[in-house]
Each structure stands twice: as C-alpha cells, then as structure tokens.
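Each remark here refers to the structure printed beneath this line.
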Amino acid sequence: MIVLFTDFGPSGPYVGQMRTAIAKYAPSEIAIDLLSDAPAFNPKASAYLLAALAPDFPDGAIFLCVVDPGVGGDRLPLIVKAKNQVFIGPDNGLFSIVARRSSTASVQKITWKPDYLSASFHGRDLFAPVAAMISTGKTDISEPISKDTLAKPDWPDDLKSIIYIDHFGNAMTGIRAKTLSATTRLEWCGNKFSYAKTFSSVESGAAFWYENANGLAEISINQGRADDLGLAVGEPISILAP
C-alpha cells in the first residue's frame, strides 16, 4: 500500500492530484490518506508524528510524505528504507527520526526525472510517481547515499513540544510516553498536567496527560479542548521530576 502523509490540508486539489499521479503509474495500487493536515511548513514536528504513526502499518508499506517548505530548492529527493518500510519525500529532516529508530535504515537519492517537473509541486510530479514505481517493483530510479547525510541529525530523540492538535483539541507532544512514568507531570506556561490512564479516569473538564494510541504523551481535557488553554503546535513542554 501507498500511504499519503502531507500538510496539504483537508480541502483543495493537491491530495487528489497526487492520487491521480499514483494511478497513472500503478492503477491497481491501494492508496491510503493517512494524514493531510500534518503541521504546515514544519518538517521537525512532522518527523516525530510520522515516526509515531508508521509502526501501525505493515512491512512493505510505502509512505509518500510531503511536508516540503523548501520545494524547488536544493534539498535532495529521497527514498529512505527503515524497519522494512519505505519513505519517499524531501530531505529536510522529515525522515530523520524514523531512520534513527531503525538499526537497518538506508538512504537513496532519487535520480529519476519526469518529463515535466513544476517548481512548486514535487509531490505530484516526482514523489508520487516514484512511490507508484516502487510499488510495481521498478528499481532503476535512485542511487545509494550515506545515511549520515540525512538533514537535521541533531534533533533530539524526543521533542519536548506540541507537534499536533487533533479534531478534538487534544495536544500531542513529541515525547514517547514510555520515557516517562506515571508520577511525571508535564508543564506548559505554569499549567501542570498529571498522568491519567484515559479520559474516564478524571472528572469532566479536568486536564491531564496520557499515553495516546500511538505511544505519545498527549495533553487533553476530558470532554473539553486542550487547545482552548492556548496549546498549539510548537509550544514547548517541560517535564517535571516526580
């Protein structure tokens, strides 16, 4: 399957145009819209979100990832293989976390060129066709490069900030919950959040943090919206010792 992960937003033609490009080269391939509202222009936050979401997918899944504020610039177009999955997109740090968490990660530079490559939509013109060609077994479209050349290798293993706000107003952090304990509190702008197992563990209107379904520490309000507090993507989060 080909899995789409973009910051294109839930409306507009862009996801549909990429799906059309996929269908041109691999008409029988399954394409799944995983996320179209990744943090806009934000490869750093998106890198941690992608790393949390990818493990739900099977071996062989091909992730077509476009969070590309530098489109048309000199960043490389990449194919990254990590944990038996494939990630296709720009070299701007988007794949640095999935690569770091895989002991067998490898990196290739895309060498295939379309007949027409727009300056501003490499997702449609380059990355989508490459994802489709990989799904059909085509191999002469890239060349190996060193994993050490991946952009942003200095980003931390866990990101102490908000990386995504979902439809319900829950604020996902880039912190893996397994690195914390049940006695750990999170803090933002003087607000302190204690751990709870799930929403029903606290009273209605109470704020807390919990381990979400993707293994990340998430700040929530039971039957309310954490973003009403002012939490937003990029806001720093502190970890308080027990």
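A few comments on the model shown:
- In the range 147-175, residue surrounded by the fewest Cβ atoms within 10 Å (Cβ to Cβ) [restricted to those that are at pLDDT below 95 and within 21 Å of residue 237 (Cβ to Cβ)]: 154
- Residue ID - farthest from the chain's Cα centre (by Cα), chosen from residues in the range 189-242 that are in a strand (DSSP E or B), more than 16 Å from residue 166 (Cβ to Cβ) and of a type in the set (A, V, I, L, M): 240
- Residue check for residue 104: surrounded by fewer than 17 Cβ atoms within 10 Å (Cβ to Cβ), without any contact (Cβ under 8 Å) to a residue 24 or more places away in the chain and β-branched (Val, Ile, Thr): yes
- Residue selection: residue 83 satisfies the criterion of being assigned by TED's automatic domain parsing to the domain that holds residue 18, in contact (Cβ under 8 Å) with a residue 24 or more places away in the chain and either within 17 Å of residue 17 (Cα to Cα) or over 15 Å from the mean Cα position of the chain (by Cα) (or both).
- With respect to (1) in a strand (DSSP E or B); (2) closer than 30 Å to residue 228 by Cβ; (3) β-branched (Val, Ile, Thr), the lone exception for residue 86 is condition (2).
- For the range 130-146, the criterion of a residue being modelled with pLDDT of 95 or more, in contact with a helix residue (DSSP H, G or I) (Cβ under 6 Å, 6 or more places away or on another chain), closer than 17 Å to residue 78 by Cβ and loosely packed, with under 15 Cβ neighbours inside 10 Å is satisfied by no position.
- A residue that is out of contact with any Leu (no Cβ under 7 Å at 6 or more places or on another chain), crowded, with 16+ Cβ neighbours inside 10 Å, polar (S, T, N, Q) and at pLDDT 95 or above occurs nowhere in the range 223-240.
- Residue check for residue 165: assigned by TED's automatic domain parsing to the domain that holds residue 43 and in contact (Cβ under 8 Å) with a residue 24 or more places away in the chain: no
The values are calculated or read from the model by the stated rules, or taken from the named source; none is laboratory data. Everything quoted here is computed from the prediction, not taken from an experiment. Note: ideal-geometry Cβ built from the backbone for every residue, glycine included; neighbour counts use all protein chains shown.
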